[in-house]
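The values are calculated or read from the model by the stated rules, or taken from the named source; none is laboratory data. Just so we're clear, the structure is a prediction, and the values are computed from it rather than from any experiment. A quick note on method: Cβ atoms are made from the backbone with ideal geometry, for glycine too, and the neighbour counts reach across all protein chains shown. To get the accessible areas, we keep the full protein, side chains included, count just its heavy atoms, and leave off ligands, DNA and RNA. Shrake-Rupley method; radii C 1.70, N 1.55, O 1.52, S 1.80 Å.
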Amino acid sequence: RDMEEAGLAVEAEESSGAAAMAKEEEAELEARMESVGASVGANLAERLSRDRPPLNSTLDVLKFLCKDFWIALWEKQVDGLRTNHRGVYVLQDHHFKPLLRISTPHGTASAAAIAKVYLPHSVGLLRGALARLGVQATVVAESGGQAGATGASVAATT
Amino acid sequence: VWKNKTDKISSELFTMTYGSLVIQLIKDYQDYAEVNKQLDKMGYNIGVRLIEDFLARSNISRCSDFRETGEIVAKVGFKMFLNVTPAVVHHDGRSTASGTASSSSSANTNGSAATAAPALGGQEFSLILDENPLSEFVELPPDAREGGLWWSNVLVGVLRGALEMVQLQTAPYFVSDVLRGDEQTELRVRLVKFLDEEAPPADD
């Protein structure tokens with residue numbers, strides 16, 4: 001139901017301009033998708049890190065996520081990892097699988113609107129994985145206009 | 001470009017995401033019958049879209065009968081999207097007995113029934129899922145078992161939706177599930193009727 005309504009909510013908004021209800025529903029949906037993602041991320045991270053030496057620093061955790069975790073999920077590494085050394089990390093993926101195939105007949109703007117619904121799940125995946133690996137973090141996703149370019153910033157506080 | 005290359009997705013991610021989704025539904029509805037219904041609905045919406053992808057990739061032409069449909073669903077459809085091939089068991093007409101003692105007579109009646117009047121209602125096939133990617137890592141608590149949860153109920157909806165798009169109105173349902181302690185996982189698909197060709201209805 002959740003996923004189906006995702007697609008519909010966006011379409012409905014365009015056609016009828018329903019405002020408050022759709023907004024509320026979207027927020028509900030995003031919360032749901034994020035929590036689904038979080039539990040998957042946490043369990044997956046646990047499985048993947050079982051047979052490896054412990055990750056000691058936050059940076060180690062992040063590297064682990066960029067390599068092993070990302071490969072397990074999307075068959076590729078993160079394209080870029082940047083940090084300001086104050087606890088903010090930015091992960092970049094230029095061919096982000098969940099968004100790669102999204103397109104609409106109405107151009108990039110509407111595609112971006114739909115793509116928004118797909119991101120909370122991925123955000124949840126990361127947040128869940130981080131939490132299970134001992135890093136309490138806030139995760140925010142950003143998607144650039146062009147297909148697939150995505151950055152996720154992670155504000156980590158250990 | 002995408003003719004030979006199929007995009008794959010980590011099966012762990014798939015399985016776990018499905019699991020979390022079902023759990024979320026259970027939390028939201030607190031009622032297993034309702035969860036079954038919602039899973040079916042989600043599946044239906046997936047199925048009506050998925051059939052297009054299926055036809056585009058498989059390049060398969062019209063099935064000659066419902067038997068063939070069953071084979072295609074199992075050997076091409078399930079293989080393509082879940083990478084498993086369930087065994088197909090056909091139940092033709094009312095005679096479910098697959099010729100144990102009266103093999104000659106049953107073959108006779110079967111043959112005549114097929115040629116004389118393709119008895120539509122009651123044509124069925126079963127998919128026996130030896131492997132089910134959806135139920136990997138899954139264990140049902142007694143509560144859910146008693147509540148009547150069909151864990152993989154999306155598949156019901158997917159089949160219903162996909163077959164409806166090729167003019168087959170069907171009523172798929174789960175007969176048994178290993179998660180509930182049954183011997184095997186059996187998904188049965190019954191043909192209700194052939195639909196007339198018409199303009200596709202609006203998405204719902």
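Summary of values
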read-out: Near pairs, Cβ below 8 angstrom, 6+ apart or cross-chain, from the range A:54-68 (among the polar types (S, T, N, Q)) to any residue that is open to solvent by 60 Å² or more (accessible area, probe 1.4 Å); value: A:THR58/A:THR158
read-out: Candidate set: the range A:95-113, residues that are within 14 Å of chain B (Cβ to nearest Cβ), open to solvent by 30 Å² or more (accessible area, probe 1.4 Å) and in a helix (DSSP H, G or I); chosen: the one modelled with the lowest pLDDT; value: A:LEU100
read-out: Any pair with Cβ under 8 angstrom, 6 or more apart, that starts in the range B:23-37 at a residue that is over 19 Å from A:MET33 (Cα atoms) and ends at one that is part of a helix (DSSP H, G or I) and not aromatic (Phe, Trp, Tyr); value: B:ASP31/B:GLY147; B:TYR32/B:ILE26; B:TYR32/B:ALA144; B:TYR32/B:GLY147; B:ALA33/B:GLY147
read-out: Test: residue in the range B:189-198 that is within 9 Å of the chain's Cα centre (by Cα) and within 14 Å of chain A (Cβ to nearest Cβ); value: no
read-out: The range B:139-190, residues that are of a type in the set (Asp, Glu), under 15 Å from B:SER126 (Cβ atoms) and surrounded by 17 or more Cβ atoms within 10 Å (Cβ to Cβ); value: B:ASP177, B:GLU186
read-out: Single unsatisfied condition, A:CYS66 versus (1) part of a helix (DSSP H, G or I); (2) loosely packed, with under 14 Cβ neighbours inside 10 Å; value: (2)
read-out: Residue count, the range B:20-49 (criterion: more than 13 Å from chain A (Cβ to nearest Cβ) and in a helix (DSSP H, G or I)); value: 2
